[in-house]
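To keep things clear, I will list the structure first and then write my remarks on it.
Any read-out appearing in this document is the output of simple, stated calculations on the displayed coordinates, not a laboratory observation. As the structure is a computational prediction, the values presented were derived from the model and not from experiment. With ideal geometry, Cβ positions are generated from the backbone for all residues, glycine too; neighbour counts draw on all protein chains shown.
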Amino acid sequence: MVKIAVLGDSHIASGGLPNGCLLNMVKVGGFDLLIHVGDLSNEQVLKELGGISRLVVVAGETDPMPLPDKEIIDVEGVRLLVIHGHQKEARLHLRRMVNYFNARLVLMGHTHRPMVQDLGGVLVVNPGSFTGFNGSSETMAILELA
């Protein structure tokens, strides 16, 4: 079994992640993998998360550092498509991307609202905003794949 913490939309303009309940959970939660779906907004956050566990990150529209637009990873025989979701093609053609990459699980952000949706047998998960940016609640997703 692989335990995954899915984070998104941190929007930290400078410095590292603020101490809080969710950050402590990530630090002590025994996660095998951290996935950030974009909008970290600075490299310190990237370094901090990378020091906790194996890290997969994609670019959001506010990320100044070079990051991939998408990641396709296989975990425990499940193909994951990781995108931020601000890209026009991601919003308009998500089903086509899922089929092209043969993904069984899509992890995406951008809206700052947590969401789990079934897209024709493919699970789409948005963890919301890890820091409660712009008045949203502080949220994350925890996945266990076996």
Self-check item: Proportion of all alpha-carbon pairs of the range 1-102 beyond 20 Å (%)
Solution: 40
Practice problem: Starting from the Cα of Ser14, step 7 Å toward the Cβ, then list every residue of the range 37-74 with an amide N under 19 Å from that point. | Solution: 40-48, 62-65
Exercise. Name the long-range amide H neighbours of Leu33: under 5 Å, sequence gap of 5 or more, or other chain; modelled H, no Pro or chain starts.
Key: Lys3, Ala5
Exercise. Could you check the simple spin-label distance between Arg104 and Met65, using points 7 Å along Cα→Cβ, in nm with one decimal?
Key: 3.1
Practice problem: For the range 55-146, just the Cα atoms, rotate onto the principal axes and tell me the three extents in Å, largest first. | Solution: 34, 26, 26
Quiz item: Within the range 52-146, which GluC sites (Glu not before Pro) sit in a loop by DSSP and count at most 15 neighbouring Cβ atoms inside 10 Å?
Solution: Glu61, Glu76
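Quick check on the exposure proxy: order Met25, Met108, Met97 from fewest to most C-beta atoms within 10 angstrom. Mind dumping the intermediate values first?
Working: Met25 13, Met108 26, Met97 18.
Ranking Met25, Met108, Met97 by Cβ neighbours within 10 Å, fewest first, gives Met25, Met97, Met108.
Quickly estimate the mean residue ellipticity at 222 nm for the chain, helices only: each DSSP H run with n ≥ 4 gives -39500 (n - 2.57), and the total goes over all residues, rounded to 500. Each step should come with its number before you reach the end.
On the way: 4 runs with 29 residues, N = 146.
After summing the helix terms and dividing by the residues of the chain, the value is -5000 deg cm²/dmol.
Taking the Cα centre of the chain as origin, work out the dipole magnitude from +1 charges on Lys and Arg Cβ and -1 charges on Asp and Glu Cβ, in debye rounded to 20.
Values: 12 positive and 15 negative charges, 57 e Å.
That gives the chain a dipole magnitude of about 280 debye.
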